[in-house]
Each structure stands twice: as structure tokens, then as C-alpha cells.
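These notes are about the structure you will find just below.
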Amino acid sequence: PRDPAELADALAPEAVLDAARRRTLALTDCLGDDELMAQHSPLMSPLGWDLAHIGNQEEIWLVRRAGGRPPLRPDLDPLYDAFRHPRADRPALPLLKPGPARRYLAEVREAALEILESTPRHADSPDPLLRHGFVFGMIAQHEQQHDETMLATHQLRSGPPVLDAPPPPPAPADAAGLPAEVLVPGGPFTMGTSTDPWALDNERPAHSVELPPFWLDTVPVTNAAYQDFIDDGGYADPRWWDPAGWEHRIRADLSAPQFWQRDGAHGSWYRRRFGRTEPVPPDQPVLHVCWYEADAYARWAGRRLPTEAEWEKAARHDPATGRDTRYPWGDDSPEPDRAGLGQRHLQPAPAGSHPAGAAPSGARQLLGDVWEWTASGFTPYPGFTAFPYREYSEVFFPAPGAPSPYKVLRGGSFATDPVACRSTFRNWDHPVRRQIFAGFRTCRDAVPADEGRP
Ligand code: AVJ
Ligand code: FE
């Protein structure tokens with residue numbers, strides 16, 4: 001649906017809150033208490049911290065703010081405030097053990113559902129938090145975002161596997177014959193949104209952006225293509241690297257995507273995935289590369305990363321109708337045949353999958369499978385206002401005119417839930433980060449003679 005009210009109805013707060021909770025429990029019920037309270041990487045919280053933080057945010061926003069009820073556990077606020085304690089310090093805090101944390105989440109959820117039932121959520125509600133049920137959608141998205149983070153923690157964990165999911169279907173028959181790149185015609189499009197009922201503050205407001213035409217990879221860069229970069233000495237040649245990226249590549253001794261290992265100096269590549277070692281599938285999008293690696297690959301290929309605006313235009317603008325839609329394929333919801341989302345598979349689908357989710361240009365997999373690094377830093381749109389809390393986005397923006405220390409990622413991954421994914425959604429991370437489920441695609445400027453070509 002296009003109409004914000006219809007969309008808000010379709011989004012169904014109770015169903016998305018319930019789906020988030022089922023995922024949260026699946027990611028935490030599979031481990032014992034010691035493992036839940038251990039830190040598997042200094043970059044990540046113990047899973048038990050994420051668990052209670054999810055409940056604490058829900059208490060703050062749904063029980064106290066939306067419901068106007070007195071606090072259930074005000075003593076937990078400082079423990080689960082992400083800004084008060086760096087991740088590395090969290091294991092030493094007097095955190096709730098998993099049993100009490102699960103009971104706390106259930107108690108908060110019971111209250112939240114009562115509040116949901118008794119709270120009017122119409123479009124002209126005097127409280128902007130309640131309009132179209134925004135705050136319920138915000139909390140469902142928050143829980144799903146942590147579920148993706150928790151899945152990244154699982155990937156970093158060592159020890160026997162505890163998660164399993166069926167493999168994605170093989171690539172469709174036409175995948176091998178797709179053109180390498182598609183043309184995105186020049187002209188204006190609407191970036192961001194002022195009407196999407198559950199869009200977060202950094203996606204707002206809508207504004208027109210004019211772009212020259214460009215050619216975009218039809219699919220994300222694959223493991224096979226990335227191996228060509230490795231085999232061609234890409235990691236040994238500073239010409240391809242951003243100067244800060246080269247310094248990082250030396251210091252961190254990068255030589256392949258994270259979790260890859262080779263069978264001898266010239267043997268086949270294997271990867272570790274949720275506790276199992278398997279051959280690297282050549283036709284899947286490359287995963288677990290940092291921004292510097294993506295940027296170096298693009299330069300080696302004679303191309304560049306798309307800007308955030310280019311990515312969004314490719315993912316929502318239809319030149320035939322002039323409309324800017326919620327998803328690459330239009331405004332209908334992300335069914336499984338359109339996008340690899342929601343942790344249904346614990347790996348990306350092969351490049352060229354999901355023809356039903358193609359963009360008007362023919363580009364595939366803009367949504368789902370792997371987050372895509374863009375060339376852009378994370379900065380506010382013109383007219384940005386923090387809503388409802390500064391710590392979601394605003395504190396990550398640089399001072400006006402200063403460069404951002406973060407790079408924007410777009411499109412979501414196999415680990416992202418549909419409720420937390422749309423063509424306007426913005427994610428960001430440090431350019432050195434590799435544990436997130438990120439890959440990339442490349443692009444190049446079109447020359448005027450290209451316009452009008454298919
Ligand atoms: C938007 C994914 C960068 O995980 O740091 C979770 C989402 N914000 N709790 C993050 C978030 C507050 C955020 N990212
Ligand atoms: Fe959070």
C-alpha cells in the first residue's frame with residue numbers, strides 16, 4: 001500500500017512485536033547461561049546484555065512513555081544505557097542473568113500489549129509518538145536490529161554450532177545471463193520520506209535530489225569476483241586503496257574477507273559460518289568485507305562505490321511513472337520471493353536471485369541478502385529533526401561541514417527483518433567494520449551517449 005494509513009494498518013504492531021520476540025528467544029534460548037553472559041568479541045555485548053536492553057527500551061518507550069505507567073524496573077536503566085558503558089565494559093556490570101532477563105521481557109511485553117490495545121493510534125493523534133503506532137513500530141524495529149546484532153555475535157562466537165537454517169534456493173536460470181550493469185537514468189528523485197509511518201528520524205524529511213545518469217552493477221559483487229581481486233594481488237597494491245584504508249590493511253593484516261581461510265597458499269577458499277567450515281560459494285555475494293576493502297575492489301575494477309543518493313534512487317525511483325516507492329519492486333510487502341530477509345536462511349542467496357524483487361532498472365537484490373556499503377558518510381538530511389531521541393541518529397552526525405567517521409550501508413541483509421528494512425532505511429558503521437553482514441556493489445558514471453540505451 002502507498003497510503004500511510006493503509007500502510008500503518010498493514011504493518012500490524014502486535015504481529016511485528018511478536019515476530020521480533022520469537023527471533024530474540026530463538027537466538028538466546030539455544031545457549032546456556034554462561035555463554036549468554038560471556039563476551040565473544042570485544043566489539044560485541046554479551047547476548048544477555050542485548051536481551052535485557054531490548055526489554056529496557058520497550059519498558060521506557062511503550063510502558064512509560066506511550067502507556068504513561070510508572071517504571072517497572074528503573075534500576076535497570078543505567079545498566080542497559082548503550083551510551084553509559086562501552087561494550088567491552090558490559091560483562092563486568094551486575095547484569096540480569098538470563099532467567100530473570102527473560103521474565104523481565106515477558107512482564108514488559110504483557111504491559112506493552114495492554115497499552116497497545118487501549119491506546120488510540122490515529123493519524124492525527126496529538127502525541128506524534130502514537131501517530132500510526134509509530135512508537136510500537138520503532139520498538140519492533142529496535143528489537144529486530146538487536147536480533148541482527150545478536151546474529152553477528154553468534155557468527156563471532158567459537159564452539160560447536162547452535163543455529164541452523166535451510167540453504168537458500170539456487171540462482172534462477174537467467175542469473176548467469178544477466179547484463180553486468182544496468183543504467184539508472186539522470187534526473188530528480190525523492191530521497192527520504194515525510195510520510196512513511198514507521199520511518200525513523202534519519203530517513204526524514206523527503207527532499208528532491210537531482211543525479212546524473214550512472215551504470216550500476218546488476219547484482220552485488222560475488223565471492224568469485226572478489227577472489228579475482230585477491231588473486232590479482234589487490235591486497236598488495238596500495239594504488240587501489242584509500243590512504244587510511246591502506247594503513248588499516250597493513251595494521252590489521254587484511255588479506256581476505258573475515259572468516260575466510262585458504263587451503264595452502266594457492267588452494268581453495270573456505271569460510272567459517274555459524275560454527276561450521278564450508279567451501280566459499282562462488283556465486284554468493286561477498287560478505288564480511290569492510291568499507292576499505294569494498295572501496296579498494298571498486299577502484300581495482302575501474303569503478304567506484306555508489307553514493308547513498310545513487311543507491312536510493314536505484315532502489316525506489318521508477319522513471320516510467322516518476323514515482324518513488326517503498327521498495328525496489330513497488331509498494332507491496334517484501335515477500336520471500338522478492339528479497340532475502342528475516343533470517344530465513346543464514347547466508348545470502350546467490351547473486352541474481354529474487355527476480356520478483358528487481359528494481360525498474362533490472363537491478364536485483366538491492367533489498368536483502370547483504371548490506372551494501374556506499375561511498376557516503378552518515379550526515380543529516382536538510383531539515384532533519386531528532387525524533388524521538390537524540391541517541392538514535394543525531395549523536396552520530398558530525399559537526400556541520402565536518403566529515404563523518406561512519407559510512408552509510410543500505411538495503412539490509414539476510415539477517416535483517418522486513419520491519420527494519422525499506423529503500424529509505426539508513427544504516428551506518430565505521431569503515432573498518434567486518435562482522436556486520438555487509439557486501440557491496442559498484443557503479444560508474446554514464447556518458448551522455450548512454451542515455452536512451454536500455
Ligand atoms: C542503526 C544498526 C547502527 O545497532 O548501533 C540499536 C541500531 N540503535 N539500538 C546500532 C540501534 C539503538 C544501530 N544501527
Ligand atoms: Fe539498542
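The values are calculated or read from the model by the stated rules, or taken from the named source; none is laboratory data. As the structure is a computational prediction, the values presented were derived from the model and not from experiment. With ideal geometry, Cβ positions are generated from the backbone for all residues, glycine too; neighbour counts draw on all protein chains shown. For accessibility, only protein heavy atoms count, side chains too; no ligands or nucleic acids. Shrake-Rupley method; radii C 1.70, N 1.55, O 1.52, S 1.80 Å.
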Rounded to the nearest 0.05, FRET efficiency between Asp89 and Phe396 (Cβ-Cβ, R0 22 Å) equals 0.65
Among Leu76, Gly99, Ala112, whose Cα sits farthest toward the positive end of the charge dipole of the range 69-122 (+1 at Cβ of Lys/Arg, -1 at Cβ of Asp/Glu, about the Cα centre)? Gly99
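How high is the relative contact order of the range 172-324, in percent, with contacts defined as C-alpha pairs under 8 Å that are six or more residues apart?
Numbers: 174 pairs, mean separation 37.4, N = 153.
With pairs under 8 Å counted, the relative contact order is 24 percent.
Using a 1.4 angstrom probe on heavy atoms only, work out the carbon and sulfur share of the accessible area of the chain in %. Intermediate results must be reported in sequence, preceding the final value.
Working: 9920 of 18240 Å².
Carbon and sulfur: 54 percent of the exposed surface of the chain.
In cubic angstrom, how much convex hull volume per residue do the alpha carbon atoms of the range 344-384 span?
On the way: hull volume 6.1 nm³, N = 41.
For the range 344-384, the hull spanned by Cα atoms encloses 149 Å³ per residue.
Percent relative contact order of the range 1-159, based on C-alpha pairs within less than 8 angstrom and at least six residues apart? Spell out each step's value before the answer.
Values: 169 pairs, mean separation 56.3, N = 159.
Worked out over the range 1-159, it gives 35 percent.
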State the extension gain, in nm to one decimal, for the chain segment bounded by Arg103 and Ser404, taking 0.36 nm per residue of separation less the distance between their alpha-carbons. 104.4 nm
Surface/4 estimate of mean projected area, convex hull on alpha-carbon atoms of the range 272-364, nm²: 7.5
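Can you compute the helix-only [θ] at 222 nm over the chain? Use -39500 (n - 2.57) per DSSP H run of at least 4 residues, normalise by all residues, nearest 500 deg cm²/dmol.
For the chain, the value works out to -8500 deg cm²/dmol.
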Checking the range 1-68 for trypsin sites (Lys or Arg not before Pro) in a loop per DSSP with at most 16 other beta-carbon atoms within 10 Å yields Arg2
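Based on DSSP, what percent of beta bridges with both residues in the range 362-454 are antiparallel, to the nearest 5?
Numbers: 6 of 8 bridges.
DSSP beta bridges in the range 362-454 are roughly 75 percent antiparallel.
Under 4 °C and 1.567 mPa s, how fast does the range 118-234 diffuse according to Stokes-Einstein, given a Kirkwood radius computed over C-alpha pairs? Answer in µm²/s, whole number.
On the way: Rh = 19.7 Å.
Taking Rh from Cα pairs, D becomes 66 µm²/s.
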Once the whole set of protein chains is in place, how much accessible area is left on Ser361, using a 1.4 Å probe, in Å² to the nearest 10? 40
By the Kirkwood definition, with r running over pairs of different Cα atoms, the range 71-178 has a hydrodynamic radius in Å of 18.2
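To the nearest 20 debye, what charge dipole does the chain have about its Cα centre, counting +1 at the Cβ of each Lys and Arg and -1 at the Cβ of each Asp and Glu?
Values: 47 positive and 63 negative charges, 136 e Å.
Dipole magnitude for the chain comes out near 660 debye.
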How would you rank 3-12, 410-419, highest first, on the average number of other Cβ atoms within 10 Å across their residues? 410-419, 3-12
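Accessible area per residue for the chain in Å², computed with a 1.4 Å probe and the full protein assembly in place, what is it?
On the way: 18240 Å² over 454 residues.
Computed with neighbouring chains in place, this is 40 Å² per residue.
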How long are the three semi-axes of the equivalent ellipsoid of the chain, in whole Å, if each is the root of 5 times an eigenvalue of the C-alpha gyration tensor, listed from largest down? 34, 28, 20
Suppose every K and R has +1 on its Cβ and every D and E has -1 on its Cβ; what is the size of the dipole of the range 1-159 about the Cα centre, in Debye to the nearest 20? 300
For the range 206-284, just list the percent of Cα-Cα distances falling in each 10 Å bin from zero outward, please. 14, 36, 30, 14, 5, 0
How many nm separate the modelled label positions at Leu25 and His122, each set 7 Å beyond the Cα in the direction of the Cβ? 3.5
Treating each Cα of the range 15-141 as an identical point scatterer and ignoring solvent, apply the Debye formula and state log10 I(q)/I(0) at q = 0.21 Å⁻¹. -1.21
Would you give the gap between the C-alpha center of the range 378-439 and the C-alpha center of the range 52-95, rounded to a whole Å? 22
Distance between the C-alpha centers of the range 180-231 and the range 322-337? Whole Å please. 14
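Calculated FRET efficiency, Asp332 and Thr385, Cβ-Cβ r, R0 35 Å, to nearest 0.05?
Values: r = 30 Å, r/R0 = 0.86.
It comes to 0.70.
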